[in-house]
């Protein structure tokens, strides 16, 4: 066929082209298992372990459920419905909120930084897991922050890059195996924990490093888990893009992200309280012995790789969208490889990154809680679930989504407003709580204020001036 | 950074246009493009609120 189109379904999957019906690969359970693979990544264990820093088993269990159900129920609706409906890449759709140039700013300032941060944590954990395996099998004494940890981290980055090169189909098949396997790992860990400790011992184990006020401790634990839930914002949209129905786009987030994340985090909480360490790589051999512990650590390493691939798949699509025709022309393998370079560099500082994980998680909420509020209000309330697909790809001044010079300052002001509210209630760097934080957290008000600001400013400024292609106010 | 040649760019635009025409066509029948039902969204938040309320009750009750 001399005139066969060059842009196939595979090209749409790797790039910014809208996917067509026959290219939508994910049914309800495929999407669910991908989300399970994402949520029971070992960051769930680490978040559960971080929760154990401030609260015990009883408070921690409910902080995990409360934080995740609130954040995931808001974030999933804000991020999955539009890409699922239009089959259009998530960051292209965000042009309708931030403008074409605004999305470039968003990707450059937020998503790349957070994606690299998350992947660095996962790669370092991979490095520590494999170092622990080597220590257990050979009697070596590799320390938590020694060079072999970095070397193994770089190995995980290389494997992730190879998998990413194969695209979402490789991730789909890998997660069909790894997703259920991680649930088995969680169940196995629960058995091992309760095989060595009684519920009474776990329930009465003190938190690892609490603050003086128990109310502050509980809300910080909720806040960690709100942050963890909102932290899925950058990656879920581009997975939902391939779903076959609205139901398949939405509900797997409750089954695959919420339920799986809660299970993983509760296991992490109990293990951290039982063993007195928040680091999952320090639990497996003491719990399971050398053989079972080694198998568990190796499996954790594989799980981290699937998570890194999912994160970077979303970011690479965002880069292509943000960079327009220039990034579109860069070979996929080169683009993905270039993004892994800073992760590899950061892996040379394992202690500074990994041991401050809980601070990093708190920072993610400063960005993603307001983003969830703005995206929710813009798509569902202001646009009533309608986007002009053609205008998303139109860069000229006739585009509905040009706003002011390609940027929608209203959405950015709303994000800043939400972030300031967060900061006023809770300092993510020092974990100092202020005012009504102990009653309302920081992420929830930040999300609500950002959404409200976006609604009011859009109604007051954007719609009257005919910017943004919003339906006219009645 | 490489810059796409005009022919590549034209081909991309043609393919993009083809896909946008398909998606925008009244005859195009993709179940994914149906609006999510309001009842589905209500159920989503009822389930979420139920989980939240149960967790709060059990947390307070267990203190």
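We did not get these values from a lab; they are worked out from the coordinates using the rules stated. All of these numbers come straight from a predicted model, not from anything done at the bench. Counting neighbours? That spans all protein chains shown, and the Cβs are built from the backbone with ideal geometry, glycine included.
Helix A:409-425 versus the longest principal axis of chain A: what is the Cα-based angle in degrees, 0 to 90, to the nearest 10?
30
Roughly how crowded by other chains is peptide B:18-28, in terms of the mean Cβ count from those chains within 10 Å of each of its Cβ atoms?
Mean shielding count: 4.
Under the rule a/c < 1.5 gives rounded, and otherwise a/b versus b/c splits prolate from oblate, where does segment A:54-138 land using the Cα gyration tensor?
Here segment A:54-138 falls in the oblate category.
As a footprinting exposure proxy, order A:223, A:23, A:89, A:265 by other Cβ within 10 Å, with the fewest listed first.
A:23, A:89, A:223, A:265
Given an 8 Å cut-off on Cα distances and at least 6 residues of separation, report the relative contact order of chain A as a percent.
Worked out over chain A, it gives 31 percent.
Can you put A:454, A:90, A:434 in order of Cβ neighbours within 10 angstrom, beginning with the fewest?
A:434, A:90, A:454
Which distance in Å, rounded to a whole number, links the C-alpha centroids of segment A:287-303 and segment A:365-413?
First find each Cα centre; the distance between them is then 45 Å.
Once every DSSP H run of n ≥ 4 in chain A is given -39500 (n - 2.57) and the sum is divided by its residues, what mean residue ellipticity at 222 nm do you get, rounded to the nearest 500 deg cm²/dmol?
It lands at -22500 deg cm²/dmol.
Using alpha carbons only, how many degrees (0 to 90, rounded to 10) separate the axis of helix A:260-275 from the longest principal axis of chain A?
For A:260-275 against chain A, the angle is about 30 degrees.
If I model a spin label at residue A:209 and residue A:137 as a point 7 Å from the Cα along the Cα→Cβ vector, what separation in nanometres do I get?
For the pair residue A:209/residue A:137, the computed spacing is 3.2 nm.
Report the calculated FRET efficiency for residue A:58 and residue A:429 (r = Cβ-Cβ distance, R0 = 30 Å), to the nearest 0.05.
Given R0 = 30 Å and the Cβ-Cβ separation, E is 0.55.
Apply 1/(1 + (r/R0)^6) to the Cβ-Cβ distance of residue A:381 and residue A:290, taking R0 = 45 Å, and write down the FRET efficiency to the nearest 0.05.
Rounded to the nearest 0.05, the efficiency is 0.20.
Which shape class, rounded, prolate or oblate, goes with segment A:236-350 when its Cα gyration tensor gives a ≥ b ≥ c as root eigenvalues, a/c under 1.5 marks rounded, and past that a/b bigger than b/c marks prolate?
Cα axes put segment A:236-350 in the oblate bin.
Just to confirm the number: angle between the C-alpha axis of helix A:332-346 and the first principal axis of chain A, 0 to 90 degrees, nearest 10?
The two axes meet at around 50 degrees.
Tell me the label-point distance for the pair residue A:109, residue A:461, using the 7 Å Cα-to-Cβ offset, in nm and rounded to one decimal.
1.4
Using the number of other C-beta atoms within 10 angstrom as an exposure proxy, rank A:364, B:38 with the fewest first.
Result, fewest neighbours first: B:38, A:364.
What nm value, rounded to one decimal, do you get for the distance between residue B:38 and residue A:396 when each label is placed 7 Å out toward the C-beta?
3.9
Once R0 is set to 22 Å, what does the formula 1/(1 + (r/R0)^6) return for the Cβ-Cβ distance between residue A:440 and residue B:49, expressed as a FRET efficiency to the nearest 0.05?
For residue A:440 and residue B:49, the calculated efficiency is 0.85.
For segment A:314-430, what's the relative contact order in percent, using C-alpha pairs closer than 8 Å and at least 6 residues apart?
Relative CO of segment A:314-430 lands at 27 percent.
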